[in-house]
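The values are calculated or read from the model by the stated rules, or taken from the named source; none is laboratory data. Given the structure is predicted, the values throughout are model-derived calculations rather than measurements. Reconstructed Cβ throughout: ideal geometry from the backbone, glycine too, with neighbour counts over all protein chains shown. SASA here: full protein model, heavy atoms, side chains in, ligands and nucleic acids out. Shrake-Rupley method; radii C 1.70, N 1.55, O 1.52, S 1.80 Å.
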Amino acid sequence: MEINQYLEVFIDESKEHLQAINDHLLVLEKNPQDITIVNEIFRSAHTLKGMSATMGYQDLSNLTHKMENVLDAVRNEKVSVDENILDVVFDSVDDLEAMVMDIAEGGTGERNVEKVVQLLHSIENGEISTTSTNPSAETIDVRQMASNELQIDEFTSAVLEQSSEQGQNNFRVEVALREDCLLKAARVYMVFEILEQCGEVIQSQPTVEQLENEEFDTSFTVLLITGESAEEIQNRINKVSEIDRVQVGVFETSSRVETGREAETESAEQTAISKTETKADVQKQNSGEKETKQVANKTIRINIDRLDVLMNLFEELVIDRGRLEQISNELKHSELQETVERMTRISGDLQSIILNMRMVPVEQVFNRFPRMVRQLSRDLNKKIDLSVVGAETELDRTVIDEIGDPLVHLIRNALDHGIESPDVRESKGKSPTGKLELKAYHSGNHVFIEISDDGGGINRDKVEQKAITNNVVTEEQAYNMTDSQVFELIMESGFSTADTISDVSGRGVGLDVVKNTIESLGGNISIDSVPDEGSVFSIQLPLTLSIISVMLVEVQKEKYAVPLSSIIETAIVKKEEIMHAHNKKVIDFRGKVVPLAFLKDILDVPETLEEDDYYSVVIVRKGDKMAALVVNSFIGQQEVVLKSLGDYLSGVFAISGATILGDGQVALILDSNALIK
């Protein structure tokens, strides 16, 4: 069997199983007597062991097997779950994750795991009785409950009858594995792969899930629709190693239809088995047929590189679409305009589909934090109750890739600086267990991620004094700042209010990196805090980074794009309405003093146009701060493709990228956050 073609699937699914093990271990820690949770962990470990052995990663398989032995002892009540045992299992999961990551990076998955293996072995030796019942008794009970007799419902019967009318064969295929077969799930997978090549699997008994989990004895039965002969199918299955016998016979539908009750939905819900996935593709030939309880898995795995290529091609289409719109408007040809309008609508729908394909739930990032919080709370001798809200909220994959590290910094900061130690909390009349909430939600074209705690809050006076001492602000400036503005000072480079340096935080690095990373993603971060009640760090992020809506403007004779997400509105201001404050030109915008930012001077644009009596301004916002960008004229709103400036032009002040306009010109995209002070 060719292994390389399954490597990506193996890596993805190994990560999923390890994440599931991590999640269930955290639940088990709170409910150590719940054997159902242990069974879930055991099932994931068992599947991972089989996959690893099939793929030839023996070290990975062996370590999983050792961990599986401990879990088996727990679920058979030979070992009681306690903190020490969980620590060892968590350590073994860390090693397994490192081995999978090594495989993902092209390695062999080898790792020195002698220490954790010895610990797992000592748990077995010290806690498990040698005179014990069969450790797999539970599994055997489940297997004994499964019958290989196929039971079908009326819908399945109709499908089989129709296939017979079309000249297809309906076969009952019974396969028995050898008694000494080591990797039964792997052999089942190989048999199903052959069956899929021959035709269409309608049903299996035991169910697909039971087969995957090796919850069967040595034989299973499959209902197959095929154009091949019984002899051909039998010969092909017999080529799979560790097969004892194969029997292929015609399945008689008339005597197998259940009446008076529905057939078991599990046995009919899936039509084929993959590495750990199945698919059902039995099409209803008669639209009037009654809906059944069959559940079809309609998802497939796609390499993310392919989505990137698709996105790049669509970006080129957006550029050409803009060009066609411009030509159409210039020629004023009715049929051309009608065609372009239709193309614009269709490409708009296509854009939505492609962007949705790239959307990933933030759960992929949030999943790592419960385990991290558990370890940090122990390192800091604090009790923490973590809650996660809105993990299903989706973000573009490029944003997901970048947001992980900033969130790690903010969580570490909340645990170290925010939440007090249990004795301090009790002295304040609080619960000794601190609360940390990680929350994500959509709002318009943005996603908000909030990290909130019920700790001591931010001490304004302490931040002010530190900022004045470090010459970040003057005393006069600090006096006139709002609480929110003072709190944001903690995100200045090298700023720290920690009294002592710890391994968790307090080295004067971290929050400035958070701020820079989030702003580089086109987002912003704000802080709200109340003394002795807690703090909330709120991150605002764009849904996607590839295609954005902008306002095109002209600065002298050059074109620039301002992201619409930052714009409050545009305005025309008379020169005589300009005021001065703190040696800056400002305007009164709805009762607020807003400073002017002359893009001509900031961007050093050659002056070719004479000034008139009016200023065209674009009012932009970053959090509570605003600025009025002075331009020469507004061109209009447009969707553009954001292109990177590359390594040579990275770091250019106030420019986040570039785009190609419909007429072929290049317009620079402004980073309005950099222009707001």
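Per atom type, the range 384-439 shows carbon and sulfur on 43% of its accessible surface, probed at 1.4 Å.
For the range 532-642, report the accessible area per residue in Å² (1.4 Å probe, heavy atoms, rounded to an integer).
Values: 5820 Å² over 111 residues.
Per residue, the range 532-642 has an accessible area of 52 Å².
Under 19 Å of direct C-alpha separation, and excluding same-chain neighbours fewer than eight residues apart, residue 78 reaches these lysines: 66. How would the range 313-370 be classified by its alpha-carbon gyration tensor: rounded, prolate or oblate, with rounded meaning a/c under 1.5 and the a/b versus b/c comparison settling the rest? Prolate is the answer for the range 313-370, as a/c is 1.5 or above and a/b outweighs b/c. Determine the shape class of the range 533-677: with a ≥ b ≥ c the square roots of the Cα gyration tensor eigenvalues, call it rounded for a/c under 1.5, and otherwise prolate if a/b is greater than b/c, oblate otherwise. Here the range 533-677 falls in the oblate category. Take the Kirkwood radius over Cα pairs of the range 512-599, plug it into Stokes-Einstein at 4 °C and 1.567 mPa s, and you get 79 µm²/s for translational diffusion.
With the cut-off at 1.5 for a/c, could you classify the range 322-408 from its C-alpha gyration tensor as rounded, prolate or oblate? Intermediate results must be reported in sequence, preceding the final value.
On the way: a/c = 6.42, a/b = 4.45, b/c = 1.44.
Since a/c reaches 1.5 and a/b is larger than b/c, the shape of the range 322-408 is classed as prolate.
Packing, as the average of other Cβ atoms within 10 Å across residues, places the peptides 75-87, 479-491, 40-52 in the order 40-52, 479-491, 75-87, highest first.
What trypsin sites (Lys or Arg not before Pro) in the range 152-217 are in a loop by DSSP, with at most 13 other Cβ atoms within 10 Å of the Cβ? Numbers along the way, then the final one.
Details: sites: 172, 178, 184, 187; in loops: 178.
Here no loop site has a sparse enough neighbourhood.
What part of the accessible area of the range 605-666, given as a whole %, is carbon or sulfur when the probe is 1.4 angstrom? Answer for the range 605-666: carbon and sulfur cover 48 percent of the accessible area. Here residue 557 is the anchor, and the aspartates and glutamates within straight C-alpha reach of less than 18 Å, apart from those fewer than 8 places off in the same chain, are 601, 604, 607, 610, 611, 612, 663.
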